[in-house]
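Have a look at the structure below, then the notes.
What follows draws every value from the coordinates through simple rules; no lab data is involved. The structure presented is a predicted model; accordingly, all values stated were derived computationally and were not measured. Cβ sites come from the backbone with ideal geometry, for glycine too, and all protein chains shown count toward neighbours.
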Amino acid sequence: MNKDSRIFIAGHRGLVGSAIHRELQRLGYTNILTRTREQLDLLDTSAVNDFFAKEKPEYVFLAAAKVGGILANNTYPADFIRDNLILQTNIIDASYRNQVTRLLFLGSSCIYPKLAPQPMPESSLLTGPLEPTNRPYALAKIAGIEMCWSYNRQYGTKYLAAMPTNLYGPGDNYDLANSHVLPALIRKTAEAIRTNAPTVTVWGTGTPRRELLYSDDLAQACVFLMNLDDATYNTLFTETDPPLINIGTGEDVTIRELAETVARVVGYSGSLVFDTTKPDGTPRKLMDVTRLHTLGWRHTTSLEEGIGRTWQQVRDRLIGAS
């Protein structure tokens, strides 16, 4: 990407999109295209087509998605599969019709089977049953990967699907009704501090393991991939394998260890209580990041450092939250 290339970030106000936006600005890119939901409804096919025809982006980061944790996925399965299928289809197809040079489709580690080998290589895709609690969302993302691959094969496009591990950082969702595990733990612990509660309740047994990546590190990986030279970038595309690459740290912790780290970083001295009547979700979701490491990228933010940065950004708001 040149510094003045026309770059569209779909979902620039979300956790992923905002991080990519910050990274592009930090690197001096001057022609970044963004639209709020009010300005451009990505579920409106005609509106998306009109936007692409008028603005002619050269590069697209497809970070827009309907996302949520176990509760949200269980409560709104139809919304998750419908909205994600529609918006990603609109953007991928409009990118082809308007000669976008490169597109990076952001997915999720939940695309891999519930009992995939650990760590999970890209070759695990479609080799076993999915985790039931987020299957509609995962299937939508799998469809997005297949769509990128199909357009590459039929039309010669160069669309890459990047699967991040669990993410956290600025712009995360702290609503307990539909947040992911780390922001939920941060919110619960902040409320315990605010109310002087002696305990924090954690869903499940605390034994599942999770890999977590700071969102600014993900953004650096995304820009790194988009900026690969043509020869290297083209090695990511074959007739026999989907254009898929994992983004993660290659390290994981148990939910118990994660909750303990949050308590330590934010200064909470109470006890943790594990509600074993609540679902655990997938037992383990560790990404095999060999392919990304071979290309030359590794994360730089440790889990404790990332939680500390996140806490500094949200502490005042959450301590005062009701």
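Annotations
- When DSSP beta bridges are restricted to pairs lying wholly in the chain, around 5% turn out antiparallel.
- One quarter of the surface of the convex hull around the alpha-carbon atoms of the stretch 1-122 equals 8.8 nm², the direction-averaged projected area.
- Spherically averaged projected area in nm², based on the convex hull that wraps the Cα atoms of the chain: 15.8 nm²
- Rounded D (µm²/s) - the stretch 61-149, Kirkwood Rh over Cα pairs, Stokes-Einstein at 37 °C, 0.692 mPa s: 240 µm²/s
- Nearest 10 degrees, 0 to 90: helix 255-266 Cα axis against the chain principal axis: 80 degrees
- Counting every alpha-carbon pair across the stretch 244-296, the share separated by more than 19 Å comes to 50%.
- Packing-based exposure ordering (other Cβ within 10 Å, fewest first) of ASP229, ASP41: ASP229, ASP41
- Rg/Rg_ref, the stretch 207-322, where Rg_ref = 2.2 N^0.38 Å and atoms are Cα: 1.34
- Charge tally for LEU130 (other residues, Cβ to Cβ under 13 Å; Lys, Arg +1; Asp, Glu -1): +3.
- Relative to the current alpha-carbon distance between THR232 and ASN2, full extension at 0.36 nm per residue lengthens the span by 81.1 nm.
- Axis of helix 77-97 versus longest Cα principal axis of the chain: the two differ by about 30°, to the nearest ten degrees.
- Cα pair count fraction exceeding 17 Å, expressed as % - the stretch 126-200: 64 percent
- Angle between the chain longest axis and helix 181-195 axis [Cα atoms, degrees, rounded to 10]: 40 degrees
- When its C-alpha radius of gyration is set against 2.2 N^0.38 Å (N residues), the stretch 260-322 gives a value of 1.55.
- Here r is the Cβ-Cβ distance between ARG26 and SER302 and R0 is 25 Å; the resulting FRET efficiency, rounded to 0.05, is 0.80.
- Relative packing of 45-51, 103-109, 258-264, which averages over residues the other C-beta atoms within 10 Å, highest first: 103-109, 258-264, 45-51
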